[in-house]
Amino acid sequence: MSSNEKTELLLFSIILSILSSLLLSLLSTIALSVLLGTRKLEYAGSTWHEGCFICNSCEQPIGSKSFIPDKDEHYCVSCYEDKFAPRCTRCKKALAKGGVTYRDEPWHKECFVCTSCKTQLAGEHFTSRDDSPYCLKCFGSLYAKKCEACSKPITGFGGGKYISFEDRQWHQPCFTCSECSVSLVGAGFFPDGERILCRECHSNL
C-alpha cells in the first residue's frame, strides 16, 4: 500500500469517527428531548409513556382521565360502560351504578315507574299485573274489586282484611248492617236483596 493510500485511509477513518460521534450525539439529544417531553404513567407495577397508555376499545390515550381495569386491559369510563355495564330495561342506557332489579332485570331508579301514573317506585310498595309494575293507588283504582259499602278499592295490602260473600266484597270496617249499622264481622247476617241485615233488623221486617 502506497503512502498516499495510507493517508487516504487514515483520513477516511478520522472522518468516519467524527461522523459517528456526531450521529450518536444527535440521537442522544433526540432521545433526551423525547424523554423530557413525555410523562411517565405507572399502574399496578407497570410503566407506560403517556401516549402508550390507551383505552383497549377506542384506542385513545387515557392520560390522567378515569379508567377501569379489566384483567390485563384498561378502558376509559364511557367505553367500559358501553361494553360491559348492564342496560336499563326501559331506556336501554348503561347502568353505571345503583339502580333496581325487577323480575331479574336492571332498571335506573328514575326509569322504574308505575305503568299508569309514572310515579317512581324505587323504595315504595308496589304490585304488578301482567308483569307491569303499578303503585298501590293505581292498581287499586284500575284492577281491585270495590267495596259494596264505600266503593273504594279492596287491595288487601298493608294487612287490610275484607269480607267476601257470593260475588260481593266489603272492607272489614264497612261490613255493617244496612239498617242499624252494627258491625256484622263474626256475626250472623241475612241478605236482603242488595242489603245485608243483622239478625234483629231482619226479624223486624
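Rule-based calculations on the coordinates, nothing more; no lab input. Since we're looking at a predicted model, the values are computed, not measured. Cβ: placed from backbone, ideal geometry, glycine included. Neighbour counts: every protein chain shown.
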Subject >> Mean projected area in nm² (Cα convex hull; one quarter of hull surface) for segment 146-203 >> reply: 3.9
**OP:** May I ask for the Kirkwood hydrodynamic radius of segment 100-141, worked out over all distinct Cα pairs and given in angstroms to one decimal?
**Re:** 10.2
Subject >> Ratio of the Cα radius of gyration of segment 53-171 to 2.2 N^0.38 Å, where N counts its residues >> reply: 1.68
Subject >> Cα shape, segment 40-84, gyration tensor, a/c 1.5 rule >> reply: prolate
**OP:** Apply 1/(1 + (r/R0)^6) to the Cβ-Cβ distance of Lys118 and Asp192, taking R0 = 30 Å, and write down the FRET efficiency to the nearest 0.05.
**Re:** 0.10
